[in-house]
1. I need the full set of residues from the range 79-94 which are loosely packed, with under 15 Cβ neighbours inside 10 Å and closer than 15 Å to residue 12 by Cβ, in order please.
2. Find all pairs meeting these conditions: Cβ atoms under 8 angstrom apart; at least six residues apart or on different chains; first residue within the range 61-79 and more than 16 Å from residue 17 (Cα to Cα); second residue at pLDDT 90 or above.
3. Taking the condition of being surrounded by 17 or more Cβ atoms within 10 Å (Cβ to Cβ) and farther than 18 Å from residue 72 by Cβ, how many residues in the range 4-52 meet it?
4. Suppose we filter 103, 73 for residues that are more than 17 Å from residue 43 (Cα to Cα), part of a helix (DSSP H, G or I) and under 11 Å from the mean Cα position of the chain (by Cα); which single one remains?
5. For residue 119, work out the one condition from (1) part of a loop (DSSP other than H, G, I, E, B); (2) within 16 Å of residue 24 (Cα to Cα) it doesn't fulfil.
6. So is residue 50 in contact with a helix residue (DSSP H, G or I) (Cβ under 8 Å, 6 or more places away or on another chain), more than 22 Å from residue 100 (Cβ to Cβ) and modelled with pLDDT under 80 or not?
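The values are calculated or read from the model by the stated rules, or taken from the named source; none is laboratory data. What you see is a predicted model; the values in this text were computed from it and never measured. As a convention, Cβ positions derive from the backbone with ideal geometry for all residues, glycine included, and neighbour counts pool all protein chains shown.
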């Protein structure tokens, strides 16, 4: 998980620093693809952490301020930057939008892992649905 996190974290930092560089849809597709890959690669490891309260507590303590909320905050920060540019409606709840995007990525990773199948590339569809609400 720590190997995949930097790619998503670095991309979110890059997009937040220069949100207008590419079309909004392209950026959302990029985030969704990385989110799907991150959760798919990390899902078996992440689930095992929940097998024991002690293991979960230890993992949570080791992560400290770098827990799951970091990705959610990174997507919200990026969307906030887009909102400041006027490319997202002024009243948009960026925290909820970030949760919807990453939650959908997480769920798709769960389904693919549970069903032992290759995940469908749903990044464009997820981005399009989110974009319609922004």
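1. Within the range 79-94, none qualify.
2. So the pair list comes out as 72/95; 72/98; 72/99; 72/102.
3. Within the range 4-52, residues that are surrounded by 17 or more Cβ atoms within 10 Å (Cβ to Cβ) and farther than 18 Å from residue 72 by Cβ number 2.
4. One residue alone meets the criteria, 73.
5. (2)
6. When the stated conditions are applied, residue 50 passes them.
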